[in-house]
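Working notes, beginning with the structure itself.
The values are calculated or read from the model by the stated rules, or taken from the named source; none is laboratory data. Computed from a predicted model, the values in this text were never measured in an experiment. Cβ atoms come from the backbone with ideal geometry, glycine included; neighbour counts cover every protein chain shown.
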Amino acid sequence: MTTSYLDNEPSSTAVAALSGATLLEFGASWCGYCRAIQPLLAEAFDAYPEVRHLKIEDAKGRPLGRSFQIRLWPTLIFLRDGRELARLVRPTRLDEIEEAFLRLFG
């Protein structure tokens, strides 16, 4: 699991070209909802260490967040080979995060 936000976000083309399982986490370091979810994500990632994790610092006008139509933080987007398989907006329960991880491998 990645613990810090990326300084430079990848392009939507680069994200679409990613192979394998990836979790895009859109949020901000100062966001209380984003900080609150971190223990749940850490627990979920224990079972899925092979999943790539990209923490994207989102803000108004950021192109990657706009391309995924991000409205609230945190938003988790689960991708397999660049294709979205699941999306969670402000999840609060471990079971819903684990279910989304399972969709990456189902």
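Being within 19 Å of Glu96 (Cα to Cα), assigned to a loop (DSSP other than H, G, I, E, B) and out of contact with any helix residue (DSSP H, G or I) (no Cβ under 6 Å at 6 or more places or on another chain) narrows it down to one residue among Pro39, Pro49; which is it? So the residue among Pro39, Pro49 that is within 19 Å of Glu96 (Cα to Cα), assigned to a loop (DSSP other than H, G, I, E, B) and out of contact with any helix residue (DSSP H, G or I) (no Cβ under 6 Å at 6 or more places or on another chain) is Pro49.
Scanning region 37-61 for residues that are on the phi < 0 side of the Ramachandran plot and loosely packed, with under 13 Cβ neighbours inside 10 Å gives Pro39, Ala42, Asp46, Ala47, Pro49, Glu50, Ala59, Lys60.
State which residue is farthest from the chain's Cα centre (by Cα) when the search covers only region 57-106 and only residues that are of a type in the set (Asp, Glu) and within 19 Å of Arg35 (Cβ to Cβ). This residue is Glu96. Selection of first residues in region 89-106 that are modelled with pLDDT of 95 or more and of second residues that are surrounded by fewer than 14 Cβ atoms within 10 Å (Cβ to Cβ) and part of a helix (DSSP H, G or I), restricted to Cβ pairs under 7 Å at least 6 apart or on distinct chains, gives the following pairs, ordered by first then second residue: Leu94/Glu43. Considering region 62-81, the residues that are farther than 18 Å from Tyr48 by Cβ and surrounded by 13 or more Cβ atoms within 10 Å (Cβ to Cβ) include one that is modelled with the lowest pLDDT, namely Arg62. For Leu79, are the conditions met, namely being touching a residue at least 12 places away in the same chain (Cβ under 8 Å) and either closer than 16 Å to Glu98 by Cα or not in a loop (DSSP other than H, G, I, E, B) (or both)? The answer is yes for Leu79.
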